[in-house]
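Single-structure report; data block below.
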Amino acid sequence: MQDEEIYNSMRILEARLTKTKEKMQKIKHKIAVYSGKGGVGKTTVAANTAAALANLGFSVGFFDADIDCPNAHKLFGIDELARFEDNKTLKPVEKNNVKFISMALVQEGNNAIIWRGPMLAKAVNDLMFYSEWGDLDFLIIDMPPGTSDIPLTVMKSFDLSGFLLVTTPQQMAINDMVRSANMVSHMNFPVIGIIDNMCGDVFGCSDEKIAKELDTKFIGHIKLSKMLREKSDKGQLCPEEFKGIAKAIKNYYNI
């Protein structure tokens with residue numbers, strides 16, 4: 001009996017993954033924003049880059065893959081829950097001309113999500129399965145840090161187009177970014193480029209030669225900014241500060 005239940009569960013999972021990939025064929029480019037290190041500002045880069053792409057006239061979605069600590073909705077100034085239509089599809093919330101989905105939009109409050117890896121992997125697949133994106137030019141996926149569980153699930157399940165790697169000038173952050181780059185390479189995905197976040201007078205800036213060592217492009221430096229922090233806390237994006245990243249993505253895909 002137990003073997004039969006396991007077999008049926010696997011069949012359901014495989015069917016969902018197939019359906020998810022079919023739905024995602026309507027999305028031209030699926031880009032993950034990633035680093036092995038937490039706290040380097042991946043979410044800030046991902047959210048503002050999504051808005052900057054929308055400002056260039058592209059249709060854009062944002063998927064928050066950080067299941068147990070979702071917070072990207074705060075940057076967008078979103079405080080409403082997503083809507084289930086006919087108990088079958090999850091309708092994204094639209095803000096700044098970006099369609100947005102996050103675990104934060106299907107649960108209320110700040111309750112801790114205390115799940116092990118398999119549950120997190122199932123949750124990220126389920127969230128994408130139920131989301132109804134429609135036709136998009138770009139889907140920006142905000143990845144959690146690390147090189148296991150959710151990052152591995154996203155890489156295996158979502159047919160990604162490329163990765164943006166984020167670091168800060170500290171050597172520890174650079175080391176972990178390199179680890180994430182090695183994972184991306186091992187999984188045979190292209191790296192669009194590297195972004196050096198929170199650089200400037202306080203922390204200095206990363207050496208651009210790191211991109212050459214990883215055989216990719218150095219997209220640019222994002223300065224440590226009080227203005228950006230204050231606007232982020234108010235739920236106001238700053239796409240103008242990230243338009244260089246959006247243009248680099250546009251040029252990468254020759255569109």
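Coordinate-derived values only; no laboratory data. A quick note: this is a predicted structure, and the numbers were derived from the prediction, not measured. All Cβ positions, glycine included, derive from the backbone under ideal geometry; neighbour counts span all protein chains shown.
What separates the Cα centres of segment 128-155 and segment 183-211 is a distance of 20 Å.
A DSSP coil position with no more than 13 other Cβ atoms inside 10 Å describes the following trypsin sites (Lys or Arg not before Pro) in segment 77-159: 88, 116. Annotation for segment 196-255: trypsin sites (Lys or Arg not before Pro) lying in DSSP loop with at most 13 further Cβ atoms inside 10 Å of their Cβ are 234. Extending 7 Å from Cα along the Cβ direction at residue 97 and again at residue 110 yields two label points whose distance is 3.4 nm. By the beta carbon rule, with partners counted only under 4.7 Å, the chain holds these lone Cys residues: 69, 238.
Phi angles of segment 161-167 translate, via the Karplus equation with coefficients 6.51, -1.76, 1.60 and θ = phi - 60°, into HN-Hα couplings of 9, x, 10, 9, 9, 10, 9 Hz per residue; Gly and Pro are given as x. Database remark: amide H of residue 197 closer than 5 angstrom to the amide H of 167, 168, 222 (H placed geometrically; neighbours at sequence offset of 5 or more, or on other chains; Pro and chain starts carry no H).
The charge dipole of the chain, taken about the Cα centre with unit charges on the Cβ atoms of Lys, Arg (+1) and Asp, Glu (-1), comes to about 540 debye, rounded to the nearest 20. Would any residue of segment 120-141 have its amide N under 14 Å from a label point 7 Å out along Cα→Cβ of residue 86? List them or say none. Residues 132 fall inside that zone. In this label model, residue 185 and residue 56 are separated by 2.6 nm, measuring between points 7 Å along each Cα→Cβ vector. Calculate I(q)/I(0) for the chain by the Debye formula, one identical point scatterer on each C-alpha and no solvent, and give its log10 at q = 0.13 Å⁻¹ to two decimals. Taking Cα atoms of the chain as identical point scatterers yields -0.80. Rounded to the nearest 10 degrees, the angle from helix 42-55 to the longest Cα principal axis of the chain is 90 degrees. Computed from backbone phi with θ = phi - 60° and the Karplus coefficients 6.51, -1.76 and 1.60, the 3J(HN,Hα) list for segment 201-212 is 5, 6, 9, x, 9, 5, 6, 5, 5, 4, 5, 5 Hz; x is used for glycine and proline.
If R0 is 41 Å, the Cβ-Cβ spacing of residue 171 and residue 14 corresponds to a FRET efficiency of close to 0.45. Identify the residues of segment 16-44 with backbone N under 16 Å of a label point that sits 7 angstrom from the Cα of residue 135 along the Cα-to-Cβ direction, or state none. Backbone N within reach: 23-29.
Pairs of Cα atoms in segment 183-240 fall into 10 Å distance bins, from 0 up to the last occupied one, in shares of 21, 37, 29, 13 percent. Exposure proxy for 205, 199: other Cβ atoms within 10 Å of each Cβ, ordered fewest to most, give 205, 199. The three principal axes of the Cα atoms in segment 92-162 give end-to-end lengths of 33, 31, 20 Å, sorted in falling order. The residues packed around residue 255, meaning those with a beta-carbon under 12 Å from its beta-carbon, carry a net charge of +2 if Lys and Arg are +1 and Asp and Glu are -1.
How much length is gained if the chain between residue 227 and residue 148 is pulled fully straight, taking 0.36 nm per residue apart and subtracting their Cα-Cα distance, in nm to one decimal?
Additional length available on full extension: 25.0 nm.
Taken one residue at a time, the phi angles of segment 221-232 give Karplus couplings (6.51, -1.76, 1.60, θ = phi - 60°) of 9, 10, 6, 5, 9, 5, 4, 5, 5, 5, 5, 4 Hz. Gly and Pro are set to x. Considered as an equivalent ellipsoid built on the Cα gyration tensor, segment 127-217 has semi-axes of 26, 14, 13 Å, the largest given first.
Between the DSSP loop rule and a limit of at most 14 other Cβ atoms within 10 Å, which chymotrypsin sites (Phe, Trp or Tyr not before Pro) in segment 115-185 are left? Sparse-neighbourhood loop chymotrypsin sites (Phe, Trp or Tyr not before Pro): 115.
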